1. Give the residues of the range 128-156 that are modelled with pLDDT of 95 or more and in contact with a Pro (Cβ under 8 Å, 6 or more places away or on another chain), sorted by residue number.
2. Please specify each residue of the range 40-51 satisfying the condition of being in contact with a helix residue (DSSP H, G or I) (Cβ under 7 Å, 6 or more places away or on another chain) and assigned to a strand (DSSP E or B).
3. If I ask for residues that are without any contact (Cβ under 8 Å) to a residue 12 or more places away in the chain and assigned to a helix (DSSP H, G or I), which ones from the range 9-37 would you list?
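The values are calculated or read from the model by the stated rules, or taken from the named source; none is laboratory data. Model, not experiment: these values are computed from the prediction. All Cβ positions, glycine included, derive from the backbone under ideal geometry; neighbour counts span all protein chains shown.
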Amino acid sequence: MTTVNAPNRGMVYIHSAPPALCPHVEWALAGVLGVPVSLSWAPQPAAPSTRRAEYSWNAPGGTGARLASSLNSWQQLRFEVTEDFSAVSEGHRWSYTPGLGLFYAATGVHGDIMISEERVKNAMLGESLGREPVTVALDRLLGRPWDDELEIFRHAGDDVPVRWLHRVG
């Protein structure tokens, strides 16, 4: 359970954005964080006509969800948002690709994705009903299709600087 006013931190990774969207991404993030945002955009070698940026944020718990929601409205982006595990909240991860849409998972103290017992049971039941093999369902619950698609974009930005943002007030 997230305690909304408790301070938390996380990362936003814009893996690829068309140059025309870059200022809009900054405005959307600024709207959530309540401070002006100016990112250091770099070319994205994995998609040559796009840009990438990443930065860390410190703000009240629940900010990760608001950041992911604000970015989710642009279908041309590839992004990930994380909100770290804290003393009062589990961690969270959101991943988005144009082909797969938005993925969300709760994460534990070490960043591992946590899947509830009910979701595992549902995956097992789905296989017994002929829907999809349990291994495919579990891969989806773990975000593997998103990881597979985003991996090349993650490695392409190993030298991108990180910008730290703090919410005031």
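1. ASP139
2. Listed by number, the list holds a single entry, ARG51.
3. From the range 9-37, those without any contact (Cβ under 8 Å) to a residue 12 or more places away in the chain are 20, 23, 27, 30, 36; that's our starting set.
Once the filter is applied, which keeps residues that are without any contact (Cβ under 8 Å) to a residue 12 or more places away in the chain and assigned to a helix (DSSP H, G or I), the range 9-37 yields ALA20, PRO23, TRP27, ALA30.
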